[in-house]
1. Helix 188-201 against the longest principal axis of the chain: what's the angle in degrees, Cα atoms only, rounded to the nearest 10?
2. Of Met390, Met239, which has the most accessible area with a 1.4 Å probe, and how do the rest follow in descending order?
3. Give a quick list of GluC sites (Glu not before Pro) in segment 49-122 that DSSP marks as loop, anything other than H, G, I, E or B, with at most 13 other Cβ atoms within 10 Å.
4. Between the DSSP loop rule and a limit of at most 12 other Cβ atoms within 10 Å, which chymotrypsin sites (Phe, Trp or Tyr not before Pro) in segment 272-345 are left?
5. Distance from the Cα centre of segment 1-66 to that of segment 175-217, in angstrom?
6. Once label points are set 7 Å from the Cα along Cα→Cβ at both Leu436 and Asp22, what is their separation, rounded to one decimal in nm?
7. Using θ = phi - 60° and the Karplus form 6.51 cos²θ - 1.76 cosθ + 1.60, what ³J(HN,Hα) does each residue of segment 44-53 get, whole Hz, x for Gly and Pro?
8. Any chance you could give the angle, 0 to 90 degrees and rounded to 10, that helix 95-118 forms with the longest Cα principal axis of the chain?
Amino acid sequence: MENNDTATRFLDISPYVAEPADPQAPLNRDIHADVAIVGGGYTGLSTALALHDAGVCAVVIERDFCGYGASGRNAGHLTPTICKDLPTAMMLFGRESAAKLARYADFCVESAEQMMQTYDIDCDYSASGNIMTVIHAAQEKRLRKATKAAVALGAKIHFVEPGEMRERGLPATFLSGAMEEAGGTLHPGKFISGLRKAALARGISIYEHSAVERIEEQTPIRVITAGGVVTADRLVMAMNAYTGEIGRPGERLSPLYISMFETEPLSDAQLDAIGGWKGREGIYTAHESMETFRLTAQRTIIGGSKDVQYFYDCAPHNHGGDDDARKMSVIKAFRSRFPGLSELPVAHAWAGWCGFTLNFMPVAGRAPDNPNYYYAVGYNGHGIAQATTMGGMMTDLILGKPNPWHETVFRKPAYAPPRPLRYLTIKALLATVNGLDRRIDRKTDAITAGK
């Protein structure tokens, strides 16, 4: 019996998050703060918490509720991936910088794990590591070479041979891979909710459903909402893909629309049929536009990222286009990778916006022409580790304290062409990588059909 995947529900937000039981009131008056933080995701809340620990009064202004955006919609992989990968980092920035970025990426994972302990956040974290997997022999040589280069730079990674893949009980579709030993998988909604709870418990003011209309970069800075104005000595922009709607450095970001799905829970027999997946390692494929899969604590499979979309105005939309087509694209990829689960229903699908940059690095630091304007955005799909680490780094920058990672990460942002050219550039890039991926998929489907 095959499932009617076309009937799968497409959700307005992810199944991880919902309107909180204790919604914080919108801003309804004029206030003053030492620091105004625009955005209540991983970056905004981690920054508010770090500033609070340093004795600095910060307020968080959130357009919806904390976690409504990418922090509550992502795939749930805590990973030390940096740049596109370390070979790309070495090509773009040189060997010495790439080695520093490898150490920074491990530090980001450790920082996120420490936050779980510090704030007592139960987010179903499994320190399982993540594996970039080969689904066709044509991918193996390149992945082996990239793994060797990453090891030489000091990354905690090793190549997983086919025998080890089977010993780990990973599905047979995934032939071999590169194991990132640090990190694992988690429930992103529980993680962001835990950070929100910790912030409120410390008396940090959060104003939800308070969309920022504009920012006036005077001294002091004024953050304008429909209900009131926040006058602040400093501002931290933490809206990620939505930044361009109200201010800088949105011109450096390209918001990408990414779709995901979640299945119904697997039975014991279904889990055995795919090998058991005993360690619950996170999986992403060695495509150019990778697919992601993970087995949750609830025994569902979550995955997605196929067929990434970008739109002409280079800005997020309330509705990202043909959701039925996006839904079927990610479900088709799941069916291809897990042929033994043809009768497992897909419970729902959803989508969200990712902040992409042309050098695959965050845009973080202080505006060169305004010493009171700070920002940390653009994590290229690796925000769980990098965005939560930004809180301490931004706090040190604001307070003028030395931080060993500032020079490594707070670099000049990558150039982004004006909007019409940016659209053409990104679409050409996506067309190229999607074309390469479709070629691999055709080869893989041909092998599967021949069995």
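1. Result, in degrees: 20.
2. Final ranking, largest accessible area leading: Met239, Met390.
3. Passing both the DSSP loop test and the Cβ count: no residue.
4. Here the chymotrypsin sites (Phe, Trp or Tyr not before Pro) that fit, given the DSSP loop and packing criteria, are Tyr312.
5. Each part reduced to its Cα centre gives a spacing of 7 Å.
6. It works out to 4.8 nm between the two label points.
7. Whole-Hz 3J(HN,Hα) from phi for segment 44-53: x, 6, 5, 5, 4, 5, 5, 5, 4, 4.
8. Taking Cα atoms only, the helix is inclined about 80 degrees.
The values are calculated or read from the model by the stated rules, or taken from the named source; none is laboratory data. All values reported here derive from a predicted model rather than from experimental measurement. Every residue, glycine among them, receives a Cβ derived from its backbone with ideal geometry; neighbour counts consider all protein chains shown. The protein model used for the area step is the full one, side chains on, heavy atoms only, and it has no ligands, DNA or RNA in it. Shrake-Rupley method; radii C 1.70, N 1.55, O 1.52, S 1.80 Å.
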